[in-house]
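A short reminder: the numbers here are calculations on the coordinates, not readings from a lab. Predicted, not measured: the structure shown is a model, and the values here were computed from it. Cβ coordinates were reconstructed from backbone atoms using ideal geometry, including for glycine residues, and neighbour counts include every protein chain displayed.
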Amino acid sequence: METANAACNAISDYAWETKTFTAFKLHRAVYHETRQRFPLSAQVVVRCLGKVADTYKSDKKRKHEFRARGAVVYDSRILKHYTDRQEVSIWTLDGRARIPYSVGGPHARMLEHQRGESDLVYRRGMFFLLATCDVPEDDRALVDDVLGIDLGIVEIATDSTGESFNGLLVEAKRQWYAGRRAILQSVGTRSAKCHLKRLAGKEKRFRADVNHCISKHLVKKAKDTGCAIALEDLSGIRDRVTVRRAQRARHHSWSFFQLRAFLAYKAILAGVPVVLVDPRNTSRTCHKCGHCEKKNRKSQSEFVCRSCGHSAGADFNAACNIAARGVVNLPMVSSLAA
């Protein structure tokens, strides 16, 4: 890993000095020199060239440097999975090594469909192999209805049947971790810094676990009831919406995109269609009569239509509007069943 990243740094030096950023041109220019300088196999050098070229695709304004133990890319020529005995044959400086691995049950089944490249990652004294799997999807059947899902901060998710998932526990965890980090940072002792390292990533993993549980439940519900899933397209919402200073931390830690991503990939695997709808005025429009007015939203949680008098939970009303828009936006291949 350290040798491969040293080779990446050497390739990056040449790429920056000569402004050569494509993998093909880098290969012609420095492949043989890299093979002579570093004891790497031909395919590992090819992967190093590809790694450097990929990083410069997104940013050509500065020279890129690679950490000594940064991730290393492997492909089928230098890495082979033996899923029957949970072992990999991986290329090293000393030749091929057979190394056992541990994997959870669902991921073990997915690993049977491993395709393409894998990343070897070193994190906190442990090695992780991140594999790409081409998992077959369920056939996408015709749907009978649309399940609208409103994503929020107080209520993490509310669907158009009225079921909601409260965010109080997530907010309590966020406040506890924020307070704990502030105290430990103010102390500044060696013990406090060690404690901070142990805390690192725990809040993030907790949020991911909550989002996994919510998305798994909603996808199963949609599949069991023959529904598609409709979500608001909230891209760029943090740039469009301003909040009070006291609410900034809570607003910017809102992991709506992660939940949407979890919903999307779980739905694809389950054969459930997903559509994104325009989020404008979903929380101000009455799903009964269609009247739209800012004053319809009496509070964060309460909706009362000033035209027809219909009252409901604000998030539930928004979820119903999302479901209605989802019916209109469904692709032809997922049109409602007769």
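List of remarks:
- The charge dipole of the chain, taken about its Cα centre with unit charges on the Cβ atoms of Lys, Arg (+1), Asp and Glu (-1) only, comes to about 1740 debye.
- The stretch between Phe128 and Glu293 holds 54.2 nm of extra length on full extension. This uses 0.36 nm per residue minus the Cα-Cα distance.
- Efficiency of FRET between Arg28 and Lys57 - r from beta-carbon atoms, R0 22 angstrom, step 0.05: 0.75
- Between Arg198 and Ile268, the simple label model (points 7 Å from Cα in the Cβ direction) yields a spacing of 3.9 nm.
- With a simple spin-label model that places each label point 7 Å from the Cα along the Cα-to-Cβ direction, the separation between Lys173 and Ala261 comes to 1.7 nm.
- Partnerless cysteines in the chain, where a partner means another cysteine C-beta under 4.7 angstrom, comprise Cys8, Cys48, Cys133, Cys194, Cys213, Cys227, Cys292, Cys320.
- Segment 73-133: Cα Rg divided by the 2.2 N^0.38 Å rule of thumb: 1.07
- Note that the chain shows a convex hull volume over its alpha carbon atoms of 196 Å³ per residue.
- Ser235-Asp144 pseudo-label distance in nm [points 7 Å out on the Cα-to-Cβ vector]: 3.4 nm
- MRE, 222 nm, helices only [DSSP H, n ≥ 4, -39500 (n - 2.57), over the chain, to nearest 500]: -14000 deg cm²/dmol
- Remark: the Glu137-Asp84 segment gains 16.8 nm on full extension, using 0.36 nm per residue and subtracting the alpha carbon distance.
- For segment 138-232, a Kirkwood hydrodynamic radius built from all Cα pairs, placed in the Stokes-Einstein relation at 4 °C and 1.567 mPa s, yields a translational diffusion coefficient of 82 µm²/s.
- Pairwise FRET efficiency - Glu163 versus Asp94, Cβ, R0 = 56 Å, nearest 0.05: 0.50
- Beta bridges from DSSP with both residues in the chain: antiparallel share about 75 percent, rounded to the nearest 5.
- A Cβ-based charge dipole, computed about the Cα centre of segment 2-66 with Lys and Arg at +1 and Asp and Glu at -1, lands at about 260 debye.
- Residue (of Leu184, Gly309, Phe257) at the positive-pole extreme of the chain, dipole from beta-carbon charges: Leu184
- Cβ crowding within 10 Å averaged over residues, with 104-112, 318-326, 161-169 ranked highest first: 318-326, 161-169, 104-112
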